[in-house]
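Everything below concerns the one structure shown next.
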Amino acid sequence: AVSMNNLVSDWGLSSGTSMATPHVVAAAAVLWAAAPELDADGVEQRMKDTALDLGEAGFDSAFGAGRIDALRAVLPD
């Protein structure tokens, strides 16, 4: 038997690369599974090309390339 409690007080707010890394890796894995012909550079470029730009146009120090859009990354152009 497994018992699991998930209370609002169990959650905390964090930010930064440590919080983003699992999401980026998961999106990259989904993309690579959908497009196995891509190499690592191709996966990275596709993720950048399909990211939602959140700050200044293009890469910026606050948002990098933007927010990953995993669905858009796997859909054909």
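From Val43, Val24, grab the single residue that is part of a helix (DSSP H, G or I), modelled with pLDDT under 95 and surrounded by 10 or more Cβ atoms within 10 Å (Cβ to Cβ).
Matching residue, one of Val43, Val24: Val24.
Of the residues in the stretch 67-77, how many are closer than 16 Å to Met19 by Cβ and free of Cβ contacts under 8 Å to residues at least 24 places away in the same chain?
Qualifying residue count for the region: 1.
Do any residues in the stretch 49-60 that are without any contact (Cβ under 8 Å) to a residue 24 or more places away in the chain have Cβ atoms under 7 Å from those of residues that are part of a helix (DSSP H, G or I) and open to solvent by less than 70 Å² (accessible area, probe 1.4 Å), where the two are at least six apart or on different chains, and which pairs are they?
Every condition considered, the pairs that remain are Thr50/Ala73.
Do you know which residues across the stretch 46-77 are among the acidic types (Asp, Glu) and either touching a strand residue (DSSP E or B) at 6+ places or on another chain (Cβ under 8 Å) or open to solvent by 60 Å² or more (accessible area, probe 1.4 Å) (or both)?
Asp49, Asp53, Glu56, Asp69, Asp77 - these are the residues of the stretch 46-77 that are among the acidic types (Asp, Glu) and either touching a strand residue (DSSP E or B) at 6+ places or on another chain (Cβ under 8 Å) or open to solvent by 60 Å² or more (accessible area, probe 1.4 Å) (or both).
Considering (1) modelled with pLDDT of 75 or more; (2) open to solvent by 90 Å² or more (accessible area, probe 1.4 Å); (3) not aromatic (Phe, Trp, Tyr), say which one Ala35 fails and leave the rest.
(2)
The values are calculated or read from the model by the stated rules, or taken from the named source; none is laboratory data. Bear in mind that the values here come from a model prediction, so they are computed numbers and not experimental data. Cβ coordinates were reconstructed from backbone atoms using ideal geometry, including for glycine residues, and neighbour counts include every protein chain displayed. In case anyone asks, the SASA skips ligands and DNA or RNA and just uses the protein heavy atoms, side chains included. Shrake-Rupley method; radii C 1.70, N 1.55, O 1.52, S 1.80 Å.
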